[in-house]
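Asks: Take a look at the following structure, please.
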Amino acid sequence: MRLRPAFRISLLAPFCAAFFLTPATSVSQEANDPATASLMKQGHDDLASHHYEDALKAFKKANQISHSACSDCYIQMAVAETHLGQLDDAVKNCDKAISCASDDRLRVEGHALKGNLLRNIGNDPKKLKESADEYAAAIQLDPKQPELHLNLGIVLLQESQESDGIAELNKYLASSPSGPDALYAKKLVANPKRAGDPLAPGFSVRTLDDQQISLDQLSGKIVVMDFWATWCPPCREAVPEFKELTKKYPPSKLVLISFSADSDQQAWRDFISKHDMEWPQYWDHDGAIAREFGVHAFPTYLVIDQDGFILDRIVGLNPQMSVVGRLKSTLQTLLPN
């Protein structure tokens with residue numbers, strides 16, 4: 001979801017919850033006091049540099065100076081708490097933000113953020129219903145924000161209210177036909193059962209062997225994304241298994257792409273050459289692709305289906321089962337013999 005620069009909530013999960021939050025680039029208009037404004041700026045800077053505990057402290061101090069009546073402080077506290085995994089606290093701060101908001105803009109933000117949080121606290125029908133209520137409350141205050149209709153539509157589809165959900169998605173498409181989530185909305189209108197499945201972000205990269213590969217051109221194929229590094233022991237151990245995987249499935253059906261987090265390009269090149277890693281390799285030295293896909297640990301493996309939805313995310317090493325073993329059930333479902 002996109003509201004103002006205070007945060008961006010997208011449809012891809014970085015940590016079980018299906019959203020990203022990024023800080024504002026400006027200080028709230030509520031922060032009229034210089035000390036409050038300074039703390040809010042400090043908090044936003046801390047969010048931008050991923051220092052979430054420091055950000056939370058700064059926003060709390062700003063709120064104290066504002067006599068615990070700063071709606072934007074509560075919203076930004078909720079953003080920081082979300083990054084820290086403190087989702088229940090974040091929900092409570094959304095309520096506080098709504099109750100002390102000085103204008104509808106802040107009330108909309110509070111309802112919208114709470115809706116996203118509730119949607120992503122487990123697979124709970126009650127939470128989904130509460131999430132839908134929060135989006136509806138935000139729409140009542142500002143029906144012209146397309147993303148509110150998008151998110152309400154998704155939740156309604158998850159509640160099996162297909163006709164109402166599709167109606168909300170069509171409102172989003174009518175007001176934002178070229179919007180950032182238009183493709184996702186169209187896919188859900190065509191196939192409402194996919195609600196809740198995150199659509200993979202698009203990417204286009206030039207691989208080590210000078211191929212230009214984009215996710216769009218791989219439509220209709222299964223894509224396995226391998227986020228790894230030469231300094232990661234379980235990543236190295238998975239190389240023989242991936243060789244077998246590329247032999248088992250033809251490239252017309254499955255494409256494996258490895259994205260390396262190595263800082264030493266030559267070490268990366270030497271390792272690939274030594275171990276005959278003949279599938280597409282990309283040096284993600286600046287971490288741009290990893291960030292886009294919410295990857296924070298290595299190894300991480302993603303399985304993207306023929307329609308571009310992320311069906312599986314495997315993080316870390318499981319000593320009891322190989323990587324390919326963990327991928328097996330998903331791949332068998334997608335590519336039955």
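The values are calculated or read from the model by the stated rules, or taken from the named source; none is laboratory data. The shown structure was predicted, so the numbers you read here are calculated from the model rather than taken from an experiment. Glycine gets a Cβ as well: all are built from the backbone with ideal geometry, and neighbour counts include every protein chain shown.
Asks: For the stretch 157-207, how many residues are farther than 18 Å from residue 310 by Cα and either of a type in the set (D, E, K, R) or in a loop (DSSP other than H, G, I, E, B) (or both)?
Replies: 13
Asks: Now a separate question. Can you tell which of 216, 210 is free of Cβ contacts under 8 Å to residues at least 24 places away in the same chain and at positive phi?
Replies: Result: 210 is the single residue among 216, 210 that is free of Cβ contacts under 8 Å to residues at least 24 places away in the same chain and at positive phi.
Asks: Given the residues 238, 290, 261, which is the only one that is within 29 Å of residue 150 (Cβ to Cβ), of a type in the set (Gly, Ala, Ser) and surrounded by 15 or more Cβ atoms within 10 Å (Cβ to Cβ)?
Replies: Being within 29 Å of residue 150 (Cβ to Cβ), of a type in the set (Gly, Ala, Ser) and surrounded by 15 or more Cβ atoms within 10 Å (Cβ to Cβ) holds for just one of 238, 290, 261, which is 290.
Asks: Check off (1) outside any helix (DSSP H, G or I); (2) free of Cβ contacts under 8 Å to residues at least 40 places away in the same chain for residue 152 and give me the number that stays unchecked.
Replies: Checking residue 152 against (1) outside any helix (DSSP H, G or I); (2) free of Cβ contacts under 8 Å to residues at least 40 places away in the same chain, the one that fails is (1).
Asks: In this structure, is residue 147 charged (D, E, K, R), assigned to a helix (DSSP H, G or I) and under 19 Å from residue 198 (Cα atoms)?
Replies: yes
Asks: Quick check on the stretch 13-60: of everything there that is closer than 27 Å to residue 198 by Cα, at pLDDT 60 or above and of a type in the set (Gly, Ala, Ser), which residue is surrounded by the fewest Cβ atoms within 10 Å (Cβ to Cβ)?
Replies: Result: 49.
Asks: Six or more apart or on different chains, Cβ under 7 Å: which pairs go from a residue in the stretch 314-332 that's loosely packed, with under 12 Cβ neighbours inside 10 Å and modelled with pLDDT of 80 or more to one that's hydrophobic (A, V, I, L, M, F, W, C) and assigned to a loop (DSSP other than H, G, I, E, B)? Could you list them?
Replies: Pairs found: 316/297.
Asks: Follow-up. If residue 246 satisfies all but one of (1) farther than 28 Å from residue 181 by Cβ; (2) crowded, with 19+ Cβ neighbours inside 10 Å; (3) touching a Phe, Trp or Tyr at 6+ places or on another chain (Cβ under 7 Å); (4) β-branched (Val, Ile, Thr), what's the number of the condition it fails?
Replies: If we test residue 246 against (1) farther than 28 Å from residue 181 by Cβ; (2) crowded, with 19+ Cβ neighbours inside 10 Å; (3) touching a Phe, Trp or Tyr at 6+ places or on another chain (Cβ under 7 Å); (4) β-branched (Val, Ile, Thr), just (2) comes out false.
Asks: Could you tell me whether the stretch 224-234 includes any residue that is surrounded by fewer than 18 Cβ atoms within 10 Å (Cβ to Cβ) and modelled with pLDDT under 95?
Replies: yes
Asks: Consider residue 113 carefully, then state whether it is in contact (Cβ under 8 Å) with a residue 40 or more places away in the chain and not assigned by TED's automatic domain parsing to the domain that holds residue 71.
Replies: No; evaluated as a whole, the condition is false for this residue.
Asks: Of all residues in the stretch 159-186, which are within 18 Å of the chain's Cα centre (by Cα) and either crowded, with 19+ Cβ neighbours inside 10 Å or under 22 Å from residue 126 (Cβ atoms) (or both)?
Replies: Matches in the stretch 159-186: 181, 184, 185.
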